[in-house]
Amino acid sequence: MSKAGVHLLVWTINLEENLAGYFEKAKLAGADGIEIPVMNPMELDFKITQKIARNLERFGLECTCGGGLGRDPSLINEHVDARKRGRKYLRRYVDICVDMNSHFLAGVLYGGFEVSLGRARNENEWLWAVEGLQEVAEYAKEKKVTLCLEVINRYETYFLNTAEEGIKLVKDINRDNVKLHLDTYHMNIEEKNFYTPIIKSKGYLGYMHCCENDRGVPGTGHVHWDEIFKGLAEIEYDGWLVIESFYGPVKQMPIASSVWRKFANSPDEIAIQGLKFIRKKMKEYDL
């Protein structure tokens, strides 16, 4: 059975805050878990991750983690030292997952997040990504962590934009704990429809972000949710369905969010209405 979650970014990106109140709100809204955004893995203190883990347990919530690599560190940088740093960062992400009892690390884990080189990826970059993620996957497997590679739109990366490309990368990596991560916001930009990419992702899809076309509350825009849930039901998807929305500007990731207006009366409304909608669709399609 699939699980419904909500991204902490609905409320905050600051992990040093007292997050207990947000966790309680998520639980009351019907979430099974929270996705924790890890922006600076090398600087995140163990005391903070342990506090997060305790509070999640307190409210009976599971945890997934989100992360990403940009230009440096990166697995696809032409400089070998930058690629070494990319692997080091990913291993640190995995360790943080363990600290917070998370079995999923999702996001732009290959590199190139918010990077445009004015060209498409090249063969060397692809091979570097495969090699780096194979190595990190072996490390993550020992920690019982699954790596979920997010496919995002052309304005946020030049490397991986469609489900078809993501499936090819997962196939080339060929590790049981490396899966595909789809996001309906990005799919709305890059795919011809929602149903076909999901159907083709059978056996590879490991994580889903459920986002509206404007990054607002799921169910309030023009994303074709019936196509999405029909596809998920047909491939018997049993993974996470996480609402990733932003109440206001996220200064740490301006290009990725590009949210300058509010899509709801409050962050709580995003979680409450969004999870209510996702739960309704899960029930309708027996997920």
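The values are calculated or read from the model by the stated rules, or taken from the named source; none is laboratory data. This structure is a prediction, so every number in the text was calculated from the model and none was measured. Every residue, glycine as well, gets a Cβ built from its backbone with ideal geometry; the counts of neighbours run over all protein chains shown.
Report yes if some residue within the stretch 199-210 is touching a residue at least 60 places away in the same chain (Cβ under 8 Å), in a loop (DSSP other than H, G, I, E, B) and touching a Gly at 6+ places or on another chain (Cβ under 7 Å); otherwise report no.
Taking every residue of the stretch 199-210 in turn, none turns out to be touching a residue at least 60 places away in the same chain (Cβ under 8 Å), in a loop (DSSP other than H, G, I, E, B) and touching a Gly at 6+ places or on another chain (Cβ under 7 Å).
Condition check: among the polar types (S, T, N, Q) and farther than 22 Å from residue 197 by Cα. Does residue 101 satisfy that? Show your work before the answer.
Values: among the polar types (S, T, N, Q): yes; farther than 22 Å from residue 197 by Cα: yes.
Yes.
If I go through the stretch 55-76 residue by residue, how many of them are among the β-branched types (Val, Ile, Thr) and under 15 Å from the mean Cα position of the chain (by Cα)?
Matching residues across the stretch 55-76 total 1.
Do you know which of the residues in the stretch 153-176 that are touching a residue at least 60 places away in the same chain (Cβ under 8 Å) and not charged (D, E, K, R) is farthest from residue 72 (Cα to Cα)?
Residues of the stretch 153-176 touching a residue at least 60 places away in the same chain (Cβ under 8 Å): 155-156, 159.
Now restrict to residues that are not charged (D, E, K, R): 155, 159.
Numbers: 155: 18, 159: 15 Å.
Looking at the filtered set, the residue picked out is 155.
Would you check which residues across the stretch 79-119 are more than 14 Å from residue 131 (Cβ to Cβ) and in a loop (DSSP other than H, G, I, E, B) and list them?
Within the stretch 79-119, 79, 100, 101, 102, 103, 112, 113, 114, 116, 117, 118, 119 meet the criteria.
Name the residues in the stretch 73-116 that are out of contact with any Pro (no Cβ under 6 Å at 6 or more places or on another chain) and of a type in the set (Lys, Arg), would you?
83, 84, 87, 88, 91
When the residues of the stretch 213-244 are narrowed to those that are part of a loop (DSSP other than H, G, I, E, B) and free of Cβ contacts under 8 Å to residues at least 40 places away in the same chain, which ends up surrounded by the most Cβ atoms within 10 Å (Cβ to Cβ)?
Per the criteria, the residue is 223.
For the stretch 58-70, give me each residue that is part of a loop (DSSP other than H, G, I, E, B) and either basic (Lys, Arg) or on the phi < 0 side of the Ramachandran plot (or both).
59, 61, 69, 70, listed by residue number.
Please indicate, with yes or no, whether at least one residue in the stretch 37-57 is part of a loop (DSSP other than H, G, I, E, B), without any contact (Cβ under 8 Å) to a residue 60 or more places away in the chain and among the aromatic types (Phe, Trp, Tyr).
So far as the stretch 37-57 goes, no, none of its residues is part of a loop (DSSP other than H, G, I, E, B), without any contact (Cβ under 8 Å) to a residue 60 or more places away in the chain and among the aromatic types (Phe, Trp, Tyr).
Checking residue 9 against (1) closer than 14 Å to residue 100 by Cβ; (2) touching a Pro at 6+ places or on another chain (Cβ under 8 Å): exactly one of these is not met. Which one?
That leaves (1) as the condition not met.
Would you pick out the residues in the stretch 94-141 that are among the polar types (S, T, N, Q) and more than 15 Å from the chain's Cα centre (by Cα)?
101, 116, 122, 124, 134
For the stretch 222-251, give me each residue that is among the hydrophobic types (A, V, I, L, M, F, W, C) and at pLDDT below 95.
246, 250, listed by residue number.
List, please: which pairs have Cβ atoms under 8 Å, are six or more places apart or on different chains, and start with a residue in the stretch 1-18 that is buried (at least 23 other Cβ atoms within 10 Å of the Cβ) and end with one that is in a strand (DSSP E or B) and among the hydroxyl-bearing types (Ser, Thr, Tyr)?
Going by the 8 Å Cβ cut-off, the qualifying pairs are 5/64.
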